[in-house]
Amino acid sequence: MTKTGAKGLALAIIDRGQVRYVQAYGVRNAGNDPLRTDTVMYGASLTKVVFAYSVLQLVDQGKLALDTPLASYLDKPLPDYDTEAIYPDKYGPYRDLANDPRWKQITARMVLTHSTGFANFWFIEPDQKLRIHFNPGSGYSYSGEGMSLLQFIIENGRRENGLGLDLGALTQANFDRLGMTRTSLQWRPDFRPNLADGFNDKGEAVAHDERSKVRVAGSMDTTIADLSKFVAALTRHDGLVGQG
């Protein structure tokens, strides 16, 4: 921490599916309040692992198949959905794919292995248009956009397939089962009294971003104590049946 200038550090050691050590060092904000093992921090892209876990549970339940095209779970073509009308600023602008039928090839496995052909997010494209850069399944490109698409399918897919689900509720059920009392994919006001700010490369505090929407690509708040419980469960395959 001294060498890098890091203000805080939280770590856990998991061995053979059990949490063996959890500790926090340093401070959590500009007021130099101590970072603790129950301090809420932004989970960022660790959210994707939690989402993948929930997806594999749906696979175990027969509600999704890893290699079935996601298009088959929808009532109409993906580009026909007005995502802003469904839920503003949550999903991608799928209308941009109207002239590229390759979206029909994308599967859950491609999403989870970052091989959809999407960039990380549509809004980082030079023209802010969603596009597929290579044939789905033929290469690797890290993509939160793919995760958002799979979230859209799970939340808006055919109810007769067992979809049309609330991913916030799905993930929360796992958190509750694992005793992760200070973790959520959506901001909770009770986190505020013991919350970590971020720090930029100049050592300046950056206020915590209170995420109002469940975004499976990166909206999670968690603690090192809670996250260690999840990772331990994951290594034990706790809550999972199949191996994909």
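A short reminder: the numbers here are calculations on the coordinates, not readings from a lab. Computed from a prediction, not measured in an experiment: that's the story for all the values here. Here Cβ is always computed from backbone atoms with ideal geometry, including for glycine, and neighbour counts include all displayed protein chains.
With a Förster radius of 45 Å, plug the Cβ-Cβ distance of Ser141 and Arg20 into 1/(1 + (r/R0)^6) and report the FRET value to the nearest 0.05.
Values: r = 36 Å, r/R0 = 0.80.
The computed FRET efficiency comes out at 0.80.
On alpha carbon coordinates alone, what is the Rg over Rh value for the range 64-164, Rh being the Kirkwood radius?
Details: Rg = 12.4 Å, Rh = 13.4 Å.
Here Rg/Rh amounts to 0.93.
Annotation: lysines with alpha-carbon distance below 16 angstrom to Lys129 (same-chain offsets under eight excluded): Lys90. Among the listed pairs Lys3/Lys48; Lys76/Lys104; Lys48/Lys213, those with a Cα-Cα distance over 20 Å are Lys3/Lys48. For the chain, the longest principal axis of the alpha carbon atoms and the long axis of helix 47-60 meet at an angle near 50°.
Might you report the magnitude of the Cβ-based charge dipole of the range 64-164 about its Cα centre, with Lys and Arg at +1 and Asp and Glu at -1, to the nearest 20 debye? Please report the intermediate quantities before stating the final value.
Details: 10 positive and 13 negative charges, 54 e Å.
Here the size comes out at about 260 debye.
Over all projection directions, the Cα-based convex hull of the range 179-242 averages an area of 5.9 nm². Specify the inter-centroid distance of the range 184-242 and the range 90-160, based on alpha-carbon positions, in whole Å. Here the two parts' Cα centres lie 24 Å apart. Restricting the calculation to alpha carbons of the range 82-139 gives Rg and Dmax of 11.5, 32 angstrom. Near Asp38: Cβ cut-off under 14 Å, other residues only, Lys/Arg at +1 and Asp/Glu at -1. The net charge is +2.
Using r as the Cβ-Cβ distance of Val206 and Asp238, and R0 as 30 Å, what FRET efficiency do you calculate, to the nearest 0.05? Display every interim value, and only then the final one.
On the way: r = 35 Å, r/R0 = 1.15.
About 0.30, to the nearest 0.05.
Taking a sphere under 9 Å around the Cβ of Arg182 and counting the other residues whose Cβ falls inside, with K and R at +1 and D and E at -1, yields a net charge of -3.
The shape of the chain can be summarised by an equivalent ellipsoid whose semi-axes, obtained from the alpha carbon gyration tensor, come to 33, 22, 16 Å from longest to shortest. Net charge of the neighbourhood of Pro93, taken over other residues with C-beta under 11 Å away and scored Lys/Arg +1, Asp/Glu -1, is -3. Axis of helix 224-235 versus longest Cα principal axis of the chain: the two differ by about 50°, to the nearest ten degrees. Kirkwood radius for the range 20-100, taken over all pairs of different Cα atoms as the inverse mean of 1/r, rounds to 17.0 Å.
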